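Q: Quick one: the structure is below, questions incoming.
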Amino acid sequence: MTATAAASALGGGVAARAENTGPYRAEFDRLAARRADEPAWLRAARGAAIERFEALGFPGPREEDWRFTNVAPIARAAFRTAPPASRAATAADVAAATFGPAAARIVFVDGHYAPELSAVDAAGPLRVASLREALARDAERLRPVLDREAAEQGPFAALNTALFADGALVHAPAGTATTEPLHVVFLASGSGSEPSAIYPRLVVLADRASQLTVVESYVGGDGARYFTNAVTDVVAGEGAVVDHYKVQRESTSAFHVGRMTVRQGRAASISSHSIALGSALARNDVEQVFLAEGGDCTLNGLFLASGTQHLDTHTRLDHAQPHGTSRQLYKGVLDGKARGVFVGRVLVRKGASKTDAQQTNKNLLLSKEALVDSLPQLEILTDDVKCKHGSTTGQLDPSALFYLRSRGISEAAARSLLVYAFASDVLGGVKVEALREGLERYLQSRLPSPLGADPAGVER
C-alpha cells in the first residue's frame, strides 16, 4: 500500500469513527445542561469519558478482544438516550422480571428510577437509593467508583459514564447481614418511536464483614429494538460476602453490552452467576482483581441461544495477591444458527503464591449450524500455585440418548432431559429459591418438549 493509499485509508477510518460517535457526542452536549447540579468531579469524569469514547470509537473485528463479535449493528444505529417511558410499567412487569414476588427491590424503567414500583424500605439494614439521590446526599462515597481515570475504561464503559442518567446504589454497612435478596430491576419499555439507548449503572458497596445478596435483572418487551449499555461495580471490603446474580432477558431484537468490575479486599468472598437468555447480540465482560490476600471468587455462567442470537462472555481474573482462590464454570447451549463466545483469562501475578484457580467452559451444540468459540487462558508469573483450565464443545451424547430411548422415553423428551441435566449444575448453584425455580421453568419452556410430562413423554 502506498503512503497516499495508507493515508486515505486512515482518513476513512477516522471519518467512519466520527460518523459513528458523533451522535453520542451530540447527545452528551444536549444533556449537559441537565447535569449542572452534579459534583464538579463527576462532570469532569463525564467529559473525559466522552472524549475517551470518541478517541476509541466502537471496537472492530481487528481488535483482539472483539474479533469474535461484530458490533457494527450497534455502531450504525445511532441510538438516542431513552426519555422517561411513555408507557408506565406495572407491578406485573416487575413480577415477571424477578421470577416472582420481590419484597426488597429498586426498579428503573428505561434507565430512570421508578419509585412507585420500588420497595427500598424493605431492604432491611441495606442502604438502597438511586444514584441521583445518593450523589445529592453523599457524593464522596461514590467518588472512588465513578471518578475513574478515563484511560481505564473501554469504549462502552466510557460511553456509559458519559451518558448514564441514573442507577442504583446498594450499600451494606460494616457488620450487617441480610438473609433476603435485593432485586435491582432494569426494564426496557420499548415505547419510543425510535431505537433508544439505556445506560444502567449499579454500584454495590459491601463494607467490612458485611453480607448481602443482589439480583440484577434486565428485561425488555418482545420485539422491542433498543440498546442496553450497562456497568456494574462491586467493591467488597475485608471479610465481606457478596452473592450476586445477573439475569439478562432482553428482547431478541435488542442489543446488550454489560461490564462488571469486582474489587475485593482481604478474605472477601464473592460469587456471581450470570444467566444470558435474550438479545440479538449480547456481550458480558467481568473484570475482577484481588486487592489483598486470602480472597475467594466464584464466577458461574449459563447462556442459551437459538435462531441467530450471538452471546459473548469475556472474563478476566487478576490474582494480584497471594492465597487467592477462584473458580469459574461457564456453560453454553446453542441451537439453530446461534453463535456463542467464551474468552476467559486468569492472571497470576508475580508474588501471588498459593493461588488456587480453576476455569472450565463447556458447550452443547444442538444443531449442525450452531458455533462456539472458546478460549480459556492462564498466565502464571509466579511459583507455588495450583491452576488448571479446560474447555469442551460437543453435541448430545448418542449413548446417553440411546439409553433413555431404550427405556421408552421419546426422542424429544430424552433430548430435553439431557439438555436440562447439562445446565442444571449451573442453575443448582443459584441460592435464591424463587430465582432458581423461575430459571428452571424458563429452561424447560425453551427445551424441545416439557420435562416431567409423563406419560406424554413416554412412547407407547
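Q: Note down the nm distance, to one decimal, between modelled labels 7 Å out along Cα→Cβ at Arg327 and at His389.
A: Label at Arg327, label at His389, 1.9 nm between them.
Q: Rg and Dmax of the range 310-460, using alpha carbons, in Å: what are they?
A: 18.8, 64
Q: Please list the non-local residues whose amide H lies under 5 Å from the amide H of Glu216, H modeled 1.01 Å from N, same-chain partners needing a gap of 5 or more.
A: Residues meeting the criterion, in which the H sits 1.01 Å from N, are Val184, Tyr245, Lys246, Val247.
Q: Just the number please: accessible area per residue for the range 242-328, 1.4 Å probe, all protein chains included, in Å².
A: 23
Q: Hey, what does the equivalent ellipsoid look like for the range 149-295, semi-axes from the Cα gyration tensor as sqrt of 5 times each eigenvalue, largest first, whole Å?
A: 29, 16, 13
Q: Return the sequence-ordered ³J(HN,Hα) values of the range 113-119 in whole Hz as given by the Karplus equation 6.51 cos²θ - 1.76 cosθ + 1.60 applied to θ = phi - 60°, using x for Gly and Pro.
A: After applying 6.51 cos²θ - 1.76 cosθ + 1.60, I find 4, 10, x, 5, 9, 9, 9 Hz.
Q: Continuing with this model, one more query. Quick one: which of 54-65, 365-376, 249-260 comes out on top by average Cβ neighbours within 10 Å, and what's the full order, highest first?
A: So the order, starting with the most tightly packed, is 249-260, 365-376, 54-65.
Q: I'd like the Karplus ³J(HN,Hα) series for the range 74-83: coefficients 6.51, -1.76, 1.60, θ = phi - 60°, whole numbers in Hz, and an x wherever there's a Gly or Pro.
A: So the Karplus estimates, Gly and Pro as x, are 6, 4, 6, 7, 6, 5, 9, 4, 5, x Hz.
Q: So what is the orientation-averaged projected area of the chain, using the convex hull of its C-alpha atoms, in nm²?
A: 24.4
Q: For the range 295-370, build the convex hull from the C-alpha positions and give me its volume per residue in Å³.
A: Each residue corresponds to 65 Å³ of Cα convex hull volume.
Q: Can you give the accessible area per residue of the range 47-97, in Å², using a 1.4 Å probe?
A: In whole numbers, the range 47-97 has 54 Å² accessible per residue.
Q: Given a 1.4 angstrom probe, I'd like the percentage of the accessible area of the range 89-171 that is carbon and sulfur, rounded to a whole number.
A: It is 52 percent, rounded to a whole number.
Q: Now for a separate question. Can you tell me which of 305-315, 432-442 comes out highest on packing, and rank the rest after it, using the mean Cβ neighbours within 10 Å?
A: 305-315, 432-442
Q: From zero up to wherever the largest Cα-Cα distance of the range 78-174 sits, split into 5 Å bins and tell me the percent of pairs in each.
A: With 5 Å bins starting at 0, P(r) equals 2, 11, 18, 20, 20, 15, 10, 3, 0.
Q: Could you tell me how far the Cα centroid of the range 211-261 sits from the Cα centroid of the range 273-330, in Å?
A: One Cα centre to the other: 12 Å.
Q: A further question on this structure: For the range 14-168, would you read off the P(r) tail past 29 Å as a percentage of all alpha carbon pairs?
A: Percent of Cα pairs beyond 29 Å in the range 14-168: 30.
Q: Carbon-plus-sulfur fraction of the accessible area of the range 329-430, 1.4 Å probe, in percent?
A: 51
Q: Follow-up. Give me the percent relative contact order of the chain, please, defined on Cα pairs under 8 angstrom at least 6 residues apart.
A: Relative contact order for the chain comes out at 9 percent.
Q: Probe of 1.4 angstrom, ligands and nucleic acids ignored: what's the accessible area per residue over the range 134-241, in square angstrom?
A: With the other protein chains kept in place, the range 134-241 gives 33 Å² per residue.
Q: Would you grab the residues whose amide H sits under 5 Å from the one on Ser374? Only those 5+ places off in sequence or on another chain, please, with H modelled 1.01 Å from N.
A: Placed amide hydrogens put Phe342 under 5 Å from Ser374.
Q: Could I ask something else about it? Among Ser253, Ala157, Val145, which residue has its Cα furthest toward the positive end of the charge dipole of the chain, with +1 on Lys/Arg Cβ and -1 on Asp/Glu Cβ?
A: It is Ser253.
Q: Next up: With each run of n ≥ 4 DSSP H residues scored as -39500 (n - 2.57), what mean residue ellipticity at 222 nm is computed for the chain after dividing by its residue count and rounding to the nearest 500 deg cm²/dmol?
A: When only DSSP H runs of four or more count, the value is -8500 deg cm²/dmol.
Q: Taking amide H positions as placed in the peptide plane 1.01 Å from N, state which residues far from Ser391 in sequence (5 or more) or on other chains have amide H under 5 Å from it.
A: Amide H neighbours of Ser391, under 5 Å, 5+ apart: Asn361.
Q: Any chance you could run the full-extension gain for Ala55 through Arg441? It's 0.36 nm times the residue separation minus the Cα-Cα distance, nm to one decimal.
A: Between Ala55 and Arg441, full extension yields an extra 134.5 nm.
Q: Applying 1/(1 + (r/R0)^6) with R0 = 56 Å to the Cβ-Cβ distance of Glu149 and Arg407, what FRET efficiency is obtained, to the nearest 0.05?
A: Between Glu149 and Arg407 the formula returns 0.40.
Q: Each residue of the range 46-57 in order: what ³J(HN,Hα) in whole Hz does its phi give by Karplus 6.51 cos²θ - 1.76 cosθ + 1.60, θ = phi - 60°, with x for Gly and Pro?
A: Karplus values, whole Hz, x for Gly and Pro: 4, x, 5, 5, 5, 5, 4, 4, 4, 5, 7, x.
The values are calculated or read from the model by the stated rules, or taken from the named source; none is laboratory data. For clarity, every value in this text was computed on a predicted model and none was experimentally measured. Using ideal geometry, Cβ is built from the backbone for each residue, glycine included, and neighbour counts are taken over all protein chains shown. Accessible surface is based on the protein model in full, side chains and every heavy atom, while ligands, DNA and RNA are left aside. Shrake-Rupley method; radii C 1.70, N 1.55, O 1.52, S 1.80 Å.
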